[in-house]
1. So is residue 369 of a type in the set (Gly, Ala, Ser) and either out of contact with any Asp or Glu (no Cβ under 8 Å at 6 or more places or on another chain) or over 20 Å from residue 456 (Cα atoms) (or both) or not?
2. Counting only residues that are among the acidic types (Asp, Glu) and farther than 16 Å from residue 281 by Cα, which one in region 125-143 is surrounded by the most Cβ atoms within 10 Å (Cβ to Cβ)?
3. Can you tell me which residue is most open to solvent (accessible area, probe 1.4 Å) among those in region 341-384 that are of a type in the set (A, V, I, L, M) and farther than 26 Å from residue 316 by Cβ?
4. Looking only at residues that are open to solvent by less than 40 Å² (accessible area, probe 1.4 Å) and either touching a strand residue (DSSP E or B) at 6+ places or on another chain (Cβ under 7 Å) or free of Cβ contacts under 8 Å to residues at least 24 places away in the same chain (or both) in region 206-223, which one is nearest to residue 352 (Cα to Cα)?
5. Could you grab the pairs with beta carbons closer than 6 Å, sequence gap of 6+ or different chains, first residue in region 345-361 and small (Gly, Ala, Ser), second one assigned to a strand (DSSP E or B)?
6. Out of 308, 282, 256, report the one residue that is over 28 Å from residue 234 (Cβ atoms), in contact (Cβ under 8 Å) with a residue 24 or more places away in the chain and of a type outside the set (A, V, I, L, M).
7. Looking at region 316-330, can you tell me whether even one residue there is in a loop (DSSP other than H, G, I, E, B), farther than 21 Å from residue 48 by Cα, β-branched (Val, Ile, Thr) and touching a residue at least 24 places away in the same chain (Cβ under 8 Å)?
Amino acid sequence: MADFDVIVIGAGPGGYVCAIRAAQLGLKVAVVEGRETLGGTCLNVGCIPSKAMLHATHALHDAQENFEKMGLMGAKPKVDWDRMLRYKDDVVTTNTKGVEFLFKKNKVTWLKGWGNIPEPGKVKVGDEVHEAKHIVIATGSEASVLPGITLDEEVIVTSTGALSLPKIPKSMVVIGAGVIGLEMGSVYARLGAEVTVVEYLDAITPGMDAEVAKAFQRILQKQGLKFILGAAVQVVEKTKKGAKVAWKLRKDDSPGEIEADVVLVATGRKPYTAGLGLAGLGVEMGPRGTILTDGQYRTNISGLYAIGDAIAGPMLAHKAEDEGMALAEIMAGKYGHVNYGVIPGVVYTTPEVATVGLTEEQLKDQGRAYKVGKFNFMANGRAKAVFQGDGFVKMLADKETDRILGCHIIGPGAGDLIHEICVAMEFGASAQDIALTCHAHPTYSEAVREAALACGDGPIHA
């Protein structure tokens with residue numbers, strides 16, 4: 001008899017969700033994790049602490065800019081940086097302890113330490129070797145750094161260092177205009193730092209619907225962020241005062257440079273599979289360090305699976321969670337499935353940006369006939385009441401069938417609003433289905449209904 005039915009390597013969102021679901025389905029499960037706390041990058045140094053910082057600094061912005069408009073008078077709040085960091089750490093601790101409780105509740109064994117796979121069906125943790133019928137690699141990802149850049153996580157930092165700076169910098173350069181860079185850049189801009197974003201491409205948030213990305217950039221610029229687009233970074237080096245970033249513009253090779261107290265390198269992430277022994281096992285690898293898997297998350301080695309950031313697809317915690325649940329069902333002899341056409345993406349700035357399905361550019365590339373329904377939040381009573389009238393809902397539907405093909409929202413609560421469309425798309429709904437559904441008033445979600453109405457005879461409030 002094997003020690004376990006399933007051993008999951010990695011306790012991030014993909015790994016811990018897979019383990020808990022497998023245990024709920026009656027399997028004997030263990031998780032290998034070398035951190036002192038569970039939850040992986042997401043809960044410890046990623047999604048959760050960054051959202052705490054975004055929330056704290058948005059509250060600061062409201063107090064500084066909007067309280068007096070509402071008749072809330074008093075001295076402007078000052079930032080106690082150490083206390084704000086403690087708040088962020090408390091949020092992390094609450095969440096990681098919550099996962100530890102769920103392990104105990106579901107009888108999932110935590111094998112503390114870093115694991116490797118010496119041979120199929122076996123996982124070594126420290127000096128102990130454990131056997132399992134199924135082994136799941138859920139080791140997540142790490143920051144991808146441009147060649148020639150040396151990190152110290154004090155002056156030249158990744159998002160991990162940016163979450164724990166010893167003091168608020170007066171200036172920051174963010175290399176990369178993706179989700180992580182813009183979220184952390186907006187945090188420090190609200191705290192008073194002069195933030196400049198340097199991006200290799202000619203637009204921010206690569207892959208996002210172009211109209212939404214342009215509007216997003218305009219809003220961030222109004223908030224004080226500066227952008228240098230189409231710039232290929234040449235060197236990042238420490239100086240006496242901080243660090244210097246030098247680049248060349250791609251259009252004409254003209255040089256530029258800027259110095260700042262802190263440089264945040266936010267140029268994406270790559271799978272983290274070091275130390276697992278995959279080469280010795282003969283595991284087939286894909287491009288950019290991903291592990292190759294089939295439609296059921298199986299590698300080419302019998303009994304070995306992989307999910308989450310370690311395999312192809314968007315590096316999103318909820319994508320990893322869905323794969324973890326699907327794989328648990330498969331290992332338990334049931335049917336597991338992930339609909340990759342309905343995986344939302346969210347940028348947690350203010351306003352939030354949320355997307356699901358196809359962009360207008362993708363539909364044009366496919367030569368597909370479509371229609372667009374748009375509605376501005378400035379015409380939404382609730383949004384105007386809370387000083388969040390910037391942005392809009394953009395719905396894309398098939399021109400003939402009216403079936404929803406995608407939706408892109410920039411505005412208040414966009415990360416929550418998008419899920420109405422996710423559910424609709426799962427059921428193959430039309431824009432008219434949304435338009436004919438009663439939405440409570442006054443809510444932000446009315447803007448989604450109005451965008452659906454705009455796909456037909458037109459919205460009411462525009």
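1. Details: of a type in the set (Gly, Ala, Ser): yes; either out of contact with any Asp or Glu (no Cβ under 8 Å at 6 or more places or on another chain) or over 20 Å from residue 456 (Cα atoms) (or both): no.
Taking the combined requirement at face value, the residue does not satisfy it.
2. Applying the first criterion (among the acidic types (Asp, Glu)) to region 125-143 yields 127-128, 131, 142.
When the remaining residues are screened for being farther than 16 Å from residue 281 by Cα, the result is 127-128, 142.
On the way: 127: 6, 128: 10, 142: 17.
Here the residue is 142.
3. Narrowing region 341-384 to residues of a type in the set (A, V, I, L, M): 342-343, 346-347, 353-354, 356, 358, 363, 369, 372, 378-379, 383.
Subsequent filtering for residues that are farther than 26 Å from residue 316 by Cβ retains 369, 378-379, 383.
Numbers: 369: 52, 378: 109, 379: 39, 383: 0 Å².
Step by step, filter region 341-384, then rank; the result is 378.
4. Here the answer is 216.
5. Partner pairs satisfying both residue conditions: 345/355; 354/346; 354/409; 357/405; 357/406.
6. 308
7. Checking region 316-330: not a single residue is in a loop (DSSP other than H, G, I, E, B), farther than 21 Å from residue 48 by Cα, β-branched (Val, Ile, Thr) and touching a residue at least 24 places away in the same chain (Cβ under 8 Å).
One line per residue, one yes/no per condition, for (1) of a type in the set (A, V, I, L, M); (2) farther than 28 Å from residue 246 by Cβ:
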{"site": "128", "(1), (2)": "no, yes"}
{"site": "141", "(1), (2)": "no, no"}
{"site": "144", "(1), (2)": "no, no"}
{"site": "164", "(1), (2)": "no, no"}
{"site": "172", "(1), (2)": "yes, no"}
{"site": "178", "(1), (2)": "no, no"}
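The values are calculated or read from the model by the stated rules, or taken from the named source; none is laboratory data. Given the structure is predicted, the values throughout are model-derived calculations rather than measurements. A quick note on method: Cβ atoms are made from the backbone with ideal geometry, for glycine too, and the neighbour counts reach across all protein chains shown. Protein only, heavy atoms only, side chains kept; ligands, DNA and RNA dropped before computing areas. Shrake-Rupley method; radii C 1.70, N 1.55, O 1.52, S 1.80 Å.
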